[in-house]
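**Student:** This structure is in C-alpha cells; I'll ask about it shortly.
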Amino acid sequence: MLSTVEKVLFLKSIDLFSQIPGDNLAEVALIATEENRDAGEEILVEGELGDALYLILEGRIRLHHGDKAIAELGERECLAEMALLDPRPESGSATAATAAQLLRISRQDFQELLIQSPEIALAIIKVLSRRLRDATR
C-alpha cells in the first residue's frame with residue numbers, strides 16, 4: 001500500500017498531473033485508490049461508460065478492439081484520461097497483459113475535487129492544451 005507521499009511523487013511523474021502544485025497533488029493522491037488486477041482481467045470494456053482514470057504502477061496493460069491489439073502500456077502510463085472529464089463510452093477495451101497494480105481516480109471524486117480546487121483544472125487544461133498543440137504541428 002502506497003503512502004500519500006509516495007502517491008504524490010508518482011502522480012508528479014505523470015505528464016497529465018505534472019503542472020499541479022504539490023499541495024493540490026496531495027488532494028489528488030487522497031482520492032487515488034490502489035487496485036490489483038490479475039493477468040487477463042478486463043479493466044475497460046469497449047462501449048461501456050468510462051468512470052475513472054487508471055495509472056499503471058506495475059505491470060502491462062493491453063489496449064485492444066476485440067482481438068485486434070492496439071497498444072500495450074506499462075509503468076507510469078495512464079489509460080482512460082478522458083473519462084475524468086467526459087462520460088462517453090470507451091473507444092476500446094483494456095485487459096491486464098500481466099499482473100498489474102494500478103491507481104484509480106474516479107470521475108465523481110475528481111470532479112468534486114475540481115469544484116473545491118479550480119487550480120487543478122487549470123493545470124490539467126494547460127497539459128491538454130499543450131498536447132493538442134503538439135498533435136497539430
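**Student:** Given a Förster distance of 30 angstrom, what is the FRET efficiency for ARG130 paired with MET1, based on the Cβ-Cβ distance and rounded to 0.05?
**Tutor:** On the way: r = 33 Å, r/R0 = 1.10.
Efficiency at R0 = 30 Å is approximately 0.35.
**Student:** Let me ask you something else. What relative contact order, as a whole-number percentage, does the stretch 1-135 give when Cα pairs under 8 Å and 6 or more residues apart are counted? Numbers along the way, then the final one.
**Tutor:** Details: 254 pairs, mean separation 43.4, N = 135.
Over the stretch 1-135, the number comes to 32 percent.
**Student:** Once both labels are modelled 7 Å past Cα along the beta-carbon direction, what's the GLU77-GLU119 spacing in nm?
**Tutor:** Inter-label distance under the simple model: 3.3 nm.
**Student:** At 0.36 nm per residue, and after removing the present C-alpha to C-alpha distance, how many nm does the segment from GLU58 to GLN101 gain when stretched out fully? Before the final figure, lay out each step's value.
**Tutor:** Values: separation 43, 0.36 × 43 = 15.48 nm, distance 0.50 nm.
Full-extension gain reported as 15.0 nm.
**Student:** Right, something else. Are there GluC sites (Glu not before Pro) in the stretch 9-93 that DSSP puts in a loop and that have at most 15 other Cβ atoms within 10 Å, and which ones?
**Tutor:** GLU41, GLU46, GLU48, GLU75, GLU77
**Student:** Of ILE14, LEU30, ALA52, which is farthest on the positive side of the dipole of the chain, counting Cα position, with +1 on Lys and Arg Cβ, -1 on Asp and Glu Cβ, and the Cα centre as origin?
**Tutor:** Farthest towards the positive end: ILE14.
None of the figures in this text is laboratory data; all of them are computed from the coordinates on show. Predicted model, so just to flag it, every value in this text is computed and none were measured. So basically every Cβ, Gly included, is an ideal-geometry build from the backbone, and we count neighbours across all protein chains shown.
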